[in-house]
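A.B. asks: Before anything else, here's the structure in question.
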Amino acid sequence: MLYFSDGKSVIMDLDQKHLLFEQLFEHATESIIVADESGVIIFLNPATERFFKYKKDELLGKKIELLVPD
């Protein structure tokens, strides 16, 4: 279920939720990086590419420490 600031809600099917997530992820102005439990990057959005100056293919499968060193 999706909730809006006016208190209304919408029930969405799985395809609609997937599309909404994809649009939010792709059009976010902030960098979004998803890593698995071992720190390997599995998803990133276009804002990440712009911010870190790497292409998607250069980051997918790499450790997140590449971008955020200790």
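A.B. asks: Across segment 40-45, in residue order, what do the Karplus-derived ³J(HN,Hα) couplings come to in whole Hz, using 6.51 cos²θ - 1.76 cosθ + 1.60 with θ = phi - 60° and x for Gly and Pro?
C.D. replies: Taking θ as phi minus 60°, the curve returns 8, 5, 10, 9, 7, 9 Hz for segment 40-45.
A.B. asks: Over the chain, what percent of the accessible surface lies on carbon and sulfur atoms, probe 1.4 Å?
C.D. replies: Answer for the chain is 59 percent, counting heavy atoms of protein chains only.
A.B. asks: Could you give the dipole magnitude of the chain about its Cα centre, charging the beta-carbon of Lys and Arg +1 and that of Asp and Glu -1, in debye to the nearest 20?
C.D. replies: The calculated dipole for the chain is roughly 180 debye.
A.B. asks: Of the listed values [x] 15.1, 44; [y] 11.1, 33; [z] 12.7, 41, grab the one calculated as Rg and Dmax of the Cα atoms in Å from the structure here.
C.D. replies: [x]
A.B. asks: Related question: So who's got an amide H within less than 5 Å of the one on N45, skipping anything under 5 residues away but keeping other chains? H placed 1.01 Å off N, in plane.
C.D. replies: I32
A.B. asks: Would you mind calculating the gained length between I42 and L14 on full extension (0.36 nm times residue separation, minus the Cα-Cα distance), in nm to one decimal?
C.D. replies: Stretched out fully, the I42 to L14 stretch lengthens by 8.0 nm.
A.B. asks: Might you tell me the accessible area per residue for the chain, computed with a 1.4 Å probe and given in Å²?
C.D. replies: Accessible area per residue, the chain: 81 Å².
A.B. asks: Taking amide H atoms as placed 1.01 Å from N in the peptide plane, list the residues 5 or more away in sequence, or in a different chain, whose amide H sits under 5 Å from that of A35.
C.D. replies: Here I42 satisfy the definition.
The values are calculated or read from the model by the stated rules, or taken from the named source; none is laboratory data. The shown structure was predicted, so the numbers you read here are calculated from the model rather than taken from an experiment. All Cβ positions, glycine included, derive from the backbone under ideal geometry; neighbour counts span all protein chains shown. To get the accessible areas, we keep the full protein, side chains included, count just its heavy atoms, and leave off ligands, DNA and RNA. Shrake-Rupley method; radii C 1.70, N 1.55, O 1.52, S 1.80 Å.
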